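Working notes for the structure below.
The values are calculated or read from the model by the stated rules, or taken from the named source; none is laboratory data. All values derive from a computational prediction rather than experimental measurement. All Cβ positions, even for glycine, are placed from backbone atoms using ideal geometry, and neighbour counts span all protein chains on display.
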Amino acid sequence: MSLLEKYQRVRNTFSYSVQSSMGTDRSDLTGDELGQFQIEIPPFPFPENQQSKLGIFTLESFFITAQNLSEYVSSGVGGLPDNSIYDISGFYVEVNGLGLRPQIYTTNLASTLRSNKMFPIINEYGRARRFSNGADPPVYTDDYARVTSGGKCHKEVICSNPSGSVLQVKVYSMDTGQLILDQNNLDSVINFKIEMLPDDFQEREMS
């Protein structure tokens with residue numbers, strides 16, 4: 001790749017970091033929940049990107065932030081602690097609203113392998129939490145407390161031009177298959193980038 005080609009790719013790539021608490025409200029009041037949120041993608045600044053029809057969407061990572069001893073995402077129902085001493089095993093992050101091509105195949109919430117818009121995220125920082133003996137209810141120590149849970153992904157999918165579209169995200173537990181429920185001060189963060197392709201990219205490659 002030449003320096004000019006690298007410059008063009010970087011110039012046509014836009015990175016996003018979206019927090020669930022900053023999401024816009026839906027009619028059912030679920031626009032800024034931990035496991036269900038949405039936000040509008042702003043228009044692109046350059047005319048060539050505004051005219052482009054296709055892009056490459058890359059989900060870079062997904063994390064739950066602000067965890068502490070009493071607030072964390074566990075393997076319990078809806079990701080709630082429910083006195084569980086185990087952190088969640090992972091997440092399925094569903095992305096809608098950007099015209100993603102059906103290129104991802106997972107078993108996710110069903111028993112069959114099928115195409116969907118769900119990205120698997122293994123909880124890289126998951127631990128077991130120790131609690132003091134004899135305490136009722138058990139008192140969790142800080143030996144295994146984690147600030148965040150989540151992990152990296154880097155899966156690429158073809159998408160439509162997302163300018164002005166509403167990104168809709170749903171987060172499911174990999175342990176139970178249920179939607180992650182809201183938990184006080186916790187926040188979820190999705191990090192992704194979109195590289196917009198010039199309309200004549202096929203002709204450029206062939207010439």
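A few points about this structure:
- Qualifying positions in region 1-36 - in contact (Cβ under 8 Å) with a residue 12 or more places away in the chain, among the charged types (D, E, K, R) and assigned to a helix (DSSP H, G or I): 9, 11
- Test: residue in region 37-51 that is assigned to a loop (DSSP other than H, G, I, E, B), surrounded by fewer than 19 Cβ atoms within 10 Å (Cβ to Cβ) and of a type in the set (Phe, Trp, Tyr): yes
- Scanning region 52-86 for residues that are surrounded by fewer than 17 Cβ atoms within 10 Å (Cβ to Cβ), under 18 Å from residue 123 (Cβ atoms) and among the small types (Gly, Ala, Ser) returns a single hit, 66.
- Looking only at residues of region 87-97 that are within 24 Å of residue 39 (Cβ to Cβ) and not aromatic (Phe, Trp, Tyr), we find that the one that is surrounded by the most Cβ atoms within 10 Å (Cβ to Cβ) is 93.
- Residue check for residue 123: more than 18 Å from residue 65 (Cβ to Cβ) and either loosely packed, with under 14 Cβ neighbours inside 10 Å or modelled with pLDDT under 95 (or both): no
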